[in-house]
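A.B. asks: Structure below; questions to follow.
All of the numbers you see were taken from the coordinates with simple rules; none came from a lab. Because the structure is predicted, anything quoted here is derived from the model rather than measured. Here Cβ is always computed from backbone atoms with ideal geometry, including for glycine, and neighbour counts include all displayed protein chains.
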Amino acid sequence: PLERTATMSKPFDYSKWDKIELSDDEEDVHPNIDKESWFRMKHRSRVEREDHEAKDRERINDEMSKATQRIKILQRDLQKIEKRKAEDSDDDSDDDDIDDSEAIKIEIQELELANKRRQAKLDEYEKNKKLNVDNMFQVKEERTVINASAGKSNYTPSGFAESTVTGEEVRKEMEAKGKTQD
């Protein structure tokens, strides 16, 4: 006996709507402050918070790029030390090179760990980002469509609406009706 399991469709995920921040939401209006002032205050605080987050993101990205550049420099230095070790196997400066390479490896690990923490902070900002009227949508394409007959006037010089059918069309239509009524 084959046993069939019913697969249920997944329910709609409404969690994305939880992140929408409405500036004119009437539920959170303070009783001692009029609505318009409250909405302006909420908008101003939202704009200030977004500006602060944008500056913080920019600072974190700058720190990450500097740390990445430093990691590349240290890796080059480490390769030079390894190459020198391979060439000078009988030299007494091996102990100094080992100390240098260990210190470089530790610094690289610290920089990589710091970059992971910075990336986690950026991910947290993105995860907790509130959507509002200013950042909810993006314009993908802007274009203007111009109607070719937009400048054409549909009125006669006397001010009456201009007919869209010609006299010839009306005459043919009348003849057709006259023939069908006979």
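A.B. asks: Using amide H atoms built in the peptide plane, which far-off residues or other-chain residues are under 5 Å from Leu131 H to H?
C.D. replies: Ile20, Glu21
A.B. asks: How would you order 133-146, 42-55, 158-171 from highest to lowest mean count of nearby Cβ atoms within 10 Å?
C.D. replies: Working: 133-146: 6.9, 42-55: 12.4, 158-171: 8.6.
Highest mean packing first, the order is 42-55, 158-171, 133-146.
A.B. asks: Beyond 24 Å between alpha-carbons counts as too far, so tell me which of Lys55/Lys127; Lys19/Lys66; Lys55/Lys116; Lys16/Lys42; Lys42/Lys116; Lys55/Lys130 fall in that bin. Display every interim value, and only then the final one.
C.D. replies: Details: Lys55/Lys127 17 Å; Lys19/Lys66 33 Å; Lys55/Lys116 19 Å; Lys16/Lys42 21 Å; Lys42/Lys116 33 Å; Lys55/Lys130 17 Å.
Correct reply: Lys19/Lys66; Lys42/Lys116.
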